[in-house]
Each structure stands twice: as C-alpha cells, then as structure tokens.
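Taking it in order: structure first as structure tokens, then the write-up.
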Amino acid sequence: MSDKEAEKALVMDRVVKGEMSAAEGARRLSVSKRHVFRLKAGIKAKGIASLVHGNRRRKAANALPEEIREMVRDKGTNEYRGASYSHISELLERNEDVHISGKSVGRILKESGVKNPHTHKAPKKHRSRARRKRFGELVQVDASPFDWLGQGEAYSLHGAIDDATGRVLSLRLEKNECSGGYFQVLEDILKQWGVPGAIYSDRHTIFFSPKTEKLTEEDDIEGRKAPLTRYGLPLHLLGIEHIAARSPQAKGRIERLWGTCQRRLVVEMRIAGIGTIEEANAFLPGYLERHNTLFARDAAEKATAFLPCPGPEKLRLLLGSRDERKASAGSEISWKGGKYQLTDSGGRIVLLGKKEVVTVICTMDGSLYALRRCEGNEPVYGLIPSCRTETNVKDDGKNPEKAAAPGVPTPLKPAKDHPWRAKWMKRSPGTMIYDDSNPLEESAADLMEIIYGVRVS
C-alpha cells in the first residue's frame, strides 16, 4: 500500500468510527462528499482492501506484447540504428507492419538505454523570409558533402527544393560537387515539372563567374556584365532568373533538407543495401516520393509558376557545353585535339569562311553539334572528323601503346626524306649558306639536287 492509500485508510477509518464527519473527510482527501460515502460503503462491505484499485497488478488491455517490445529493441539497436524515434516508427509500419507511435518507441528504447541520436537544438535567431506563393516560382539548389553511403567517405548530394511547397524536386549523388550533378538536377526539373521562374543558389563558381564580384559601379552604368558560366547560360536562354544567396540562412529551405536527409536517407540506404553511387541514384526517386508525402505542403496559390519545357532535342542543345572556334581556310575547326567539319541535314560538308566563328555544342551524352553566327536562324549542324586528317602512327600491332585510337586524329608529321628535314633547313640562324657570286642560281641548283637528287649545272 502506498503512502497515499495509507492516509486514505486512516481518514476513512475515523469516518467509519464516527470520529470524523464525511464533509471533513472529503476535505482531507480532496474528493467529493459523495465519494466519501461510496468509500464508506465499500469498507463496510469488503473491508479496508476495497480502498485498493481493482486494476492493481493487472496488465493493461492496450499494453504492447512482449514480442513487439523485443522487436523494437532489436531493430532500434541494430538494423534501424541511428534513426530517430519517429523514423523507427515509420520503418516498423512500412517494413514490419507493426503500428506503434514514436513516443512508445522512445519509451521502450529509453528503458533499454538507447538515447535518441537526433535531439533538436534551439534554432539560431535570424531574419525569416516568407514562402513564395506559387509552386515553381522559386527553386533552391545546393549540394551537401556527407558520408551518405556509410563507408567513411564523403560524397556530394546535389538537390533542388521548391520554396513554396517544400517539395524536393530532384536529388543526385556524385563523388564531388560538380556541374554535372547540377545539370542532372536541372534536367530532372525541366523534364518532370517544366521551366521554373527563378533559381536560388550560392555564389559558387559553377553558378557565377568570379568576375561578378569585381564589377564596379561604372561597369554597371555602362552595361558591362560578367560572363555567364556553363550553368548560367542555359538559365539565361530559358529565361530563368538566377538569384545569388548572400548566406546559407538565406536559402534555409534546402539547408534544412540536408539535415533531414542526413538523419533519414543514410539509414534508408543502409537498410536497402546501397553501396555505390549508381545504386544510390537509382534508389533516390523512390525515396523522394516518401519524403514529399511526409514533409511537402500545399502552396498558398493553386496556380503553378512552371512554364512548358522545350522539346527533347532543343533541351539537349540547351544543356550542352558551348565553345567558340574559328574555322581554317579548309573549312575545318579544331576541338579537343581533333579536326572537324560541319555537315548539314543531308550529310553534306558545309563550307566555312576563313576565321568564321563557329559554336561547338557538346551534349550531356557526348554528341557534337555546331552553330553558325552568320545565319539569322542559326540552324544546327552536325560535326564529323575531318576526312583530310591523317594519323602519323601505323597500327601494325607491334607497338600498341603508340598506336592511334580509332577515330582520333593526330597531327601530320613530314616524312624523314621530306625537303623540310634537309640539312640546309637545320642550320643555325645567321649562318651563310651560299658564298659565291651568284647566290640565286646556286640556291636553285642546291634545291633541285635536294628534291630530285640531280645536279643541274
């Protein structure tokens, strides 16, 4: 019997003996007078034992079975280790068909000495910014280096999140933070949702040229701007506003996403047995659906700000890298050590003017195309290796290391017996070659002998 029950027994004993009134007993026990009469009747019928509650030492009807409690302890310390209490509750419901609240999971694990690995700290004070009202009006992009695969090595997770709804639009895992990862994310957004109104990013050189910070007020007045980066060019062509964040807190929506992913995504990929970047990228679309179901919200306005995306072919060209080259007199351009010629839709070689500027486009799948400035409509041309390009190494199988790779042009070198390799071409500058009275005639005779092997007198 507890101390409270012992006090109740003493008070009720005096009430039953008539030493204390029912009203005074009610005041001492902090109960109603009617309840005192009920207790008095119970004592007369069953004795002092009636004061003990009937459910004492009786298992609650809604108590969890011991096998469920053991499963929670086992999963929480092994397979689901590192997950928060609420996340473990979700995993048990999805994978084990066990419905148990996060608070119950926490109570069971705390009894076993397992603390919640993700305790919430008080957020730092900073100026808040209201959400955009329409879906697609503003998209935040960023990358987070972290040990996503749980192998002790940091990889970069590239992502994009909508500002109005908190919906994650795309995730892409790469070895390092790179333009390729951001382009994959941008391509996913354009193909699945359309063209957003604005992109919100940090000031990484992938997004903005370093010359942007060096512009003065005079440059701004005169209209001089920093050159666009490879990532900034397609945004400009698609009419997407590119906004630079001044601090991480300014794009807090995606910064908060990284905290959630570091708590949840690592556990999810470990459970799924993900061990490579390729497997992770195949796993991420399914994870996004579950994430958005839990955390995404409706926009303030139902209308979407996404615009229709260009066709697949135009999109390939827009997202490709661009380099400018000048044509030679032979209608050829040089690109990454090779000589190329333009072809039209019929496969015919296109003649170019000497030093004509040509824009080479390399798509994300490695295909090559070209644009000419001289034409107003700028048709797209194909690029093929120049037919005049020769290789200077014969693939005879004797020297495979030096053999030229197929389709890769190499510079043309003169033969060993070529006149350019003659002795008279190798003399040092300032040395007299001819010393007789008729230098023109002798020089011609020497040259004929070198070329044809015949001395003309």
Segment 328-349: number of residues that are in a loop (DSSP other than H, G, I, E, B) and under 36 Å from the mean Cα position of the chain (by Cα): 2
Tabulated pairs, segment 349-374, first without any contact (Cβ under 8 Å) to a residue 24 or more places away in the chain, second surrounded by 16 or more Cβ atoms within 10 Å (Cβ to Cβ) and in a loop (DSSP other than H, G, I, E, B), C-beta under 6 angstrom, 6+ apart or interchain: L351/S331
Subset of segment 68-115 [in contact with an Asp or Glu (Cβ under 8 Å, 6 or more places away or on another chain) and either within 19 Å of M269 (Cα to Cα) or of a type in the set (K, R) (or both)]: K75
Meets criteria (modelled with pLDDT of 90 or more, over 14 Å from the mean Cα position of the chain (by Cα) and under 23 Å from S128 (Cα atoms)) for T276: no
Residue within segment 299-316 that is in contact with a Gly (Cβ under 8 Å, 6 or more places away or on another chain), within 30 Å of L371 (Cβ to Cβ) and of a type outside the set (A, V, I, L, M, F, W, C) present: yes
Every residue from segment 329-343 that is loosely packed, with under 15 Cβ neighbours inside 10 Å and in contact with a Pro (Cβ under 8 Å, 6 or more places away or on another chain): G337
Residue check for K211: under 17 Å from the mean Cα position of the chain (by Cα), at pLDDT below 90 and either of a type outside the set (A, V, I, L, M, F, W, C) or part of a loop (DSSP other than H, G, I, E, B) (or both): no
Every residue from segment 159-181 that is within 16 Å of L235 (Cβ to Cβ) and at pLDDT 95 or above: A160, L169, S170
Qualifying residue in segment 59-73 (condition: touching a residue at least 60 places away in the same chain (Cβ under 8 Å), closer than 20 Å to A272 by Cα and assigned to a helix (DSSP H, G or I)): no
Residue in segment 296-306 that is polar (S, T, N, Q) and modelled with pLDDT of 90 or more present: yes
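The values are calculated or read from the model by the stated rules, or taken from the named source; none is laboratory data. If you're wondering where the values come from, they're calculated on a predicted model, not measured in any experiment. No Cβ is skipped: glycine too gets one built from the backbone with ideal geometry, and neighbour counts run over all protein chains shown.
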